[in-house]
Each structure stands twice: as structure tokens, then as C-alpha cells.
1. Which count do you get for residues in the range 135-154 that are closer than 25 Å to residue 194 by Cβ and surrounded by fewer than 17 Cβ atoms within 10 Å (Cβ to Cβ)?
2. Within the range 160-178, track down each residue that is outside any helix (DSSP H, G or I) and over 15 Å from the mean Cα position of the chain (by Cα).
3. Tell me, yes or no, whether the range 140-159 has at least one residue that is part of a loop (DSSP other than H, G, I, E, B), touching a residue at least 40 places away in the same chain (Cβ under 8 Å), within 11 Å of the chain's Cα centre (by Cα) and over 19 Å from residue 90 (Cα atoms).
4. Scan the range 56-89 residue by residue and report those that are over 24 Å from residue 126 (Cα atoms), modelled with pLDDT under 70 and out of contact with any strand residue (DSSP E or B) (no Cβ under 9 Å at 6 or more places or on another chain).
5. Return yes or no: is residue 119 modelled with pLDDT under 95 and surrounded by 19 or more Cβ atoms within 10 Å (Cβ to Cβ)?
6. Scan (1) at pLDDT 90 or above; (2) assigned to a loop (DSSP other than H, G, I, E, B); (3) within 19 Å of residue 187 (Cα to Cα) for the single condition residue 7 breaks and write down its number.
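The values are calculated or read from the model by the stated rules, or taken from the named source; none is laboratory data. From a predicted model like this one, the values you see are computed outputs, not experimental measurements. Because the Cβ atoms are built from the backbone with ideal geometry, glycine has one as well, and the counts that use them run over all protein chains shown.
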């Protein structure tokens, strides 16, 4: 997830999806923030001017305070540190679950790890599994997914998530998109079933 894209048309779809699914749940936003991949301006003060105005906590206003964001001032997401990063995600999730049903929204650059393997822009399979495993019955998990270049990409990514999590998901219930606003993104909306 990159600050430079906060506020583009994908954000309309992204936050519509989260707001629609948040009913009765505390929203825990997990941006897999990567600042260094953005091209640098010739003048660092120009980049800082815009980046400092992109506050990821601003989304709390949509949820009347039932919102937190995993944000590090001095740390970016990288595959090298994914295990430590998601250990902190699970710790915070467990803390929130003591008093709330939770919706976890994971926001990588491009989506879940493809069969060819994860890069920094992907949510690794094992991290998807660990968050899913930590969810309580009735909690939800939403994952940002960018389009791939082949037809049927939305269903294919949903099926891939189902395979990774060893469960079944139906496209009519577990995919969210809005072709009029952003044709190249969808969201996997996964609810932990009651045991």
C-alpha cells in the first residue's frame, strides 16, 4: 500500500466495501505500507509535504471511533520482516477481540501471494492463514486484490484464498467490486463461520 494512491478512485470502492461490512464490528486496518517504492521527487520537501498530509488515521471518522490502524512511523512493510509484522497484527487483533467483534482489513499493494511466490507487494499465504486462524467466529477479513491480466481474475483469486485457507467461498457472497469506479480491483470479504 502506498501513500501516493490514498484518495484515488480505488479508495472509494475500498472504503465503501469496508463500511458496508463493518456493521457491529471494530475496524482494524492493516496497511502494508511501502513508502520507498515511490519515485522520489527532486526536492524531498515536496514529497514530505504531500506524504505528511496522508494520515491513515483519517478513516476513523467513517466508523465513529470503532477503528484503529496498524501504523509504524519508522517501519515499512517488507517480505523480509513479514513474520514480525504479522506477529504485531495478531497481538493487536487479540487485544481488540477482548471487547469487540473485529473486521480486519489487510491492504497490500497487489493482493494475495500468487502461485509464483510472494514479493513485497503481496500478502504472503502464511500471513493470510495466521490472521484467518486468529479470527473469532463472526469476525471478518477483507483483503485488497488488484486485477491480474486474465479473464476471471476475481473468482480465481477468491478460489486461491479458499485453497490457502482450506475452506469454501462463494463469489456472490465473498467478492466485492464496483466496475463503475475502479475496474481493476476487488475485495475478498471473508467471514469466519460460527463453530
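1. As a first pass, look at the range 135-154 and keep what is closer than 25 Å to residue 194 by Cβ: 135-143.
Now restrict to residues that are surrounded by fewer than 17 Cβ atoms within 10 Å (Cβ to Cβ): 136-138.
Residues flagged as closer than 25 Å to residue 194 by Cβ and surrounded by fewer than 17 Cβ atoms within 10 Å (Cβ to Cβ) within the range 135-154 amount to 3.
2. At the first step, the residues of the range 160-178 found to be outside any helix (DSSP H, G or I) are 166-170, 175-178.
Those that are outside any helix (DSSP H, G or I) and over 15 Å from the mean Cα position of the chain (by Cα): 166, 167, 168, 169, 170, 178.
3. Residues of the range 140-159 that are part of a loop (DSSP other than H, G, I, E, B), as a first pass: 147-152.
Imposing the further condition that a residue be touching a residue at least 40 places away in the same chain (Cβ under 8 Å) reduces the set to none.
No - not one qualifying residue is present in the range 140-159.
4. Narrowing the range 56-89 to residues over 24 Å from residue 126 (Cα atoms): 56-67, 73-74.
Next, from what is left, pick out any that are modelled with pLDDT under 70: 56, 73-74.
Scanning the range 56-89 gives 73, 74.
5. Working: modelled with pLDDT under 95: yes; surrounded by 19 or more Cβ atoms within 10 Å (Cβ to Cβ): no.
In short, no.
6. (1)
Yes/no matrix, rows are residues, columns are (1) in a helix (DSSP H, G or I); (2) within 22 Å of residue 193 (Cα to Cα):
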position: 61; (1), (2): yes, no
position: 76; (1), (2): no, no
position: 81; (1), (2): yes, no
position: 94; (1), (2): yes, yes
position: 100; (1), (2): no, yes
position: 116; (1), (2): no, no
position: 119; (1), (2): no, no
position: 128; (1), (2): yes, yes
position: 133; (1), (2): yes, yes
